[in-house]
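Structure first, then comments.
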Amino acid sequence: PKPDNQLACFDCLYWVWEEVNWEWERTRSPTWDAVGTHLHFTKEADDIATYYLQKVFGLQLDEDVPPFIAIHARRADFKNLCKNPDDPKSCHTRLSEYARHARELANELVQIHGSDSPLAQVNEVIVLSDEADPEWWAEVESMGWRQTRPYEEEIARDYGKSGIEWADAVPVGCLGTFRDELKAVQAQLNQKLDKIIGLIAHRWNLVTPSIHKLPLEVLVMIFGEFEPSAPNPGVNTSLFDLLLVCRTWYDAIIESPRLWGYVDESMSQKIARLVIDRSQLHPISVNWHSYRIPQWPKEFNFVGFLDLTLENLARVRSVDISLPQSDCAKLRELLEGVTPALETLRVRIQPNDSEEDQDISSNSFTLSEGSHLKHLSFDGVMTPWDHPRLSELITLALTGSSVPKSPKQLLQILSRLLQLEELDIRYVRDSAGEARASGPILLPYLKKLVLLYVAPIYNAIILASIHTPSCSHIVVQDWAVDEDNIVAVEALDDVIWRPGNHQTASVLRGANSKSERRTLRVEKLVRCIRVQGPMSTHGYRDPDLRFGRLDIPRFMTQLATAISQLPSPPGVELEDALFKKGRIPTDLLPWSEVLESLMIKGQDACRSVLQQLSQRHVIPGTGEVDWVCRKLSKITLEYWWGEEEDAATDGKALLSLVRQRWSGEDGFAGTVLPSVFEVYCEEANFPNLWSLKDEITQILPSFRLIAIGV
């Protein structure tokens, strides 16, 4: 008879694979993923497997086989994968690993089925393997595991040698090799990926009709978030990309002049003119950054860009330009031109490589008359600050040589900017003029304050002279320790951190957060102190303060007192990880009412902490006596490598502390047990401390003694 082209028969489905003939690690194999999952053993095969399982467990024919875990340990054929063929045992998985996985599987069954289920009491393990080494099988037997090996000759006699293979396949719950696990994980990931793609496609189908139904006015509002910059492969932020989506979007964009008010250095002169012409009479934004210009030849240079801008100067609403010093003279024509619509001005003059301290006197310009500017950013350029157009700034950013040398001059500028919401001052190495605070300058609407890499004396004068009750984001970082103005900085610290100073609360933001309780992280570093708030949703810590000081203990005491006396003091996480022999240990008493977490490194510092925490003090304002740092819930002490134990000041001191502070051994009520108490040290160098571990743990269950250098 003729062959039937509608039917195909296969005697071995393993080799049904349309791409390759070895697909163990591939998840798209039709053999296993599409076909194998629907195959089941026949009743005859199941009966044969049950019969031999009853023999393995020593059961009668009418007794049920108990739940078990089957380990299919393939070894003989996997030796071909070993990189060391002379020692194949080095590549095989140890039985202890199989035992660990078996325990994990048993625990997983408890979680899935509950402790009352029969499947939660799986204690039996059956091992099936092609291994011929009698020593290996003896190790299997010593672990109390069962095996089908004694019945292989009987199976081969009654069902042939191939029967051994499929009889091995019937038990479930096998522990696979690394490759099997990899295949399973890949399959799960692909299944999840398919579901995600399907869900995205489904939601896209739901959303797409809605987008096409949006009024053109709404579409144009959305498209306003995109700029007509040159398309960038892989970054779909250009208005030109949206033109290609559909005819509706194309018409909406082309017929909306206000979407075309943007030109930058990425455009050719022809495209830039086309964009400006299409904007008609709407305001435009001009942007030129020399460092972004591609290296290939361009017909559009700054002169051409400037000419095009000057032709439309009356419509310019925003200028954002960064140029080398050599082009500064050409820029003045733009900056001093008539710009009645200008609201945003950002200018950066890049100094020559040889210029460390740039002289910007030649980069000075005077604004023309016009409406008030809202946003101003200068770097390497200056203008008279008494100009009427600068009196209503919302944001002000000054960098390097654009910052007034005298803090007093900057404060005079700030005193006129009553609408200011953001102030950003960066890279100020020194200060001129008198080093004292002015009368408090109120900036009622300031929300963001950044003083980054600024001389300590300059920062201190600013912080001591302003009041920012609404500030919600603050970054202060001193340039370095100012050894020439130590006395002046300390005098200003007395003003900034004095009790009752409202600006202290604004700087620390501890009293401004009413929705949730905040914590501050205080870190003692080399000649500086860092204070950080919790991580914000924007990915930065707020506040983020770094003060450079020579007298660290003095500043720490001031800071602790200021935090403790806030109306709603935040909790403090204190870290002293500075390794320096002979340094003054941290005084914990000023932190006593706010300290919640303590991390100390170094032998001298650790011994000091043990001694201080063993003391009690009078709580300010109450007259009550309680333990120092009574709110402390996390303690970490770390001895450095090579440090050696002093039994009296280390181990015995720790045991004495635990007995007094947490067991009430001396008759005084113990304080709250810490949730974490960890001590790190070398076991060989601290034998007495390690001998006391169990005794300490009995009193303080959270205590952990952790060995380092192992």
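The values are calculated or read from the model by the stated rules, or taken from the named source; none is laboratory data. Here the structure is a predicted model, which means the values were calculated and not measured. For neighbour counting, all protein chains shown are included, and Cβ atoms are generated from backbone atoms with ideal geometry for every residue, glycine included. For accessibility, only protein heavy atoms count, side chains too; no ligands or nucleic acids. Shrake-Rupley method; radii C 1.70, N 1.55, O 1.52, S 1.80 Å.
Brief remarks follow.
- Peptides 530-536, 136-142 ranked from most to least packed by the mean count of surrounding Cβ atoms within 10 Å: 530-536, 136-142.
- Positive-end residue, the stretch 611-710 charge dipole about Cα centroid, Cβ charges, pick of Pro620, Trp640, Ile708: Pro620
- Added length on full extension, which subtracts the Cα-Cα distance from 0.36 nm per residue, Asp158 to Ala201: 9.9 nm
- The reciprocal of the average 1/r between distinct C-alpha atoms defines the Kirkwood hydrodynamic radius, which for the stretch 613-680 equals 13.4 Å.
- Restraint check, Lys330/Lys448; Lys213/Lys374; Lys631/Lys693; Lys405/Lys448; Lys270/Lys330, Cα-Cα greater than 28 Å: Lys330/Lys448; Lys213/Lys374
- Once both labels are positioned 7 Å from their Cα atoms along Cα-to-Cβ, the gap between Lys405 and Thr649 label points is 5.1 nm.
- Placing pseudo-labels 7 Å out from each Cα toward the beta carbon at Phe57 and Asn190 gives an inter-label distance of 3.6 nm.
- Between the amide H of His72 and those of Leu128, Leu175, distances stay under 5 Å, these residues lying 5 or more places away or on another chain, with hydrogens modeled in the peptide plane.
- Sites Thr93 and Arg332, calculated FRET efficiency, Cβ-Cβ separation with R0 60 Å, nearest 0.05: 0.20
- Selection among Ile112, Ser129, Pro85 by position relative to the dipole of the stretch 83-133 gives Ile112 as farthest towards the positive end (Cβ unit charges, Cα centre).
- Restricting the stretch 317-416 to GluC sites (Glu not before Pro) in coil, as DSSP defines it, with at most 13 other Cβ within 10 Å: Glu336, Glu355, Glu356, Glu369
- Pairwise centroid distance, computed over Cα atoms, of the stretch 386-406 with the stretch 655-710, Å: 57
- The packing ranking, built from the mean of other Cβ atoms within 10 Å per residue, places the peptides 43-55, 540-552, 455-467, 270-282 in the order 455-467, 540-552, 270-282, 43-55, highest first.
- Given a 1.4 Å probe and the protein chains as shown, Lys652 ends up with an accessible area of around 120 Å².
- Exposure of Met599 as accessible area (Å², to 10), given a probe of 1.4 Å and all protein chains: 60
- Pairwise centroid distance, computed over Cα atoms, of the stretch 313-337 with the stretch 592-606, Å: 55
- Taking 0.36 nm per residue of separation and subtracting the Cα-Cα distance, full extension of the segment from Thr622 to His40 would add 201.7 nm.
- Calculated FRET efficiency, Lys213 to His282, Cβ-Cβ distance, R0 = 30 Å: about 0.65 to the nearest 0.05.
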